[in-house]
Amino acid sequence: MSSWACRSHSWHWNQSSDSKNTVIALIRSQATAGQLNELAATRKNIHIIETDISSLSRLEETANSISKVTNGSLDVLIYNAYSAGTDEAKLLPPSAL
């Protein structure tokens, strides 16, 4: 079983087709997650977490939420989002990413 975290909706559909995978969908807002919520309703291995990549505190909350879902072990993180961020995010060393 593998655990995956990513923001790409088509990717969620693909990876979640294998029920052995745990797929964590990171979204900006529930207001725009209609199709993803519909998919998650039919595939119990999809976990949806709302976050803000420009906020260090929200990313820390997101990491804690992912850790609870995966029992502290995430196999793959695909980070395909970008934000110019806030000053606090700019202070992160590369090892924090």
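Table: residues versus (1) at pLDDT below 75; (2) over 14 Å from the mean Cα position of the chain (by Cα).
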| position | (1), (2) |
| --- | --- |
| Cys6 | yes, no |
| Ser19 | no, yes |
| Val23 | no, no |
| Asn45 | no, no |
| Glu50 | no, no |
| Asn64 | no, no |
| Asn71 | no, yes |
| Ala89 | yes, yes |
(request) For residues that are assigned to a helix (DSSP H, G or I) and surrounded by 11 or more Cβ atoms within 10 Å (Cβ to Cβ), tally how many sit in the range 44-59. (result) 3
(message) Please verify whether Ala41 is surrounded by fewer than 10 Cβ atoms within 10 Å (Cβ to Cβ), modelled with pLDDT of 90 or more and assigned to a helix (DSSP H, G or I), treating the condition exactly as stated.
(response) yes
(request) Please verify whether the range 70-83 includes one or more residues that are without any contact (Cβ under 8 Å) to a residue 12 or more places away in the chain and assigned to a helix (DSSP H, G or I). (result) no
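With respect to Ala33, is the statement that it is at negative phi, buried (at least 17 other Cβ atoms within 10 Å of the Cβ) and not acidic (Asp, Glu) true?
Yes; evaluated as a whole, the condition is true for this residue.
The values are calculated or read from the model by the stated rules, or taken from the named source; none is laboratory data. Since the structure is predicted, the reported quantities are computational estimates derived from the model, not experimental observations. FYI the Cβ positions are ideal-geometry reconstructions off the backbone, even for glycines, and counts take in every protein chain you see.
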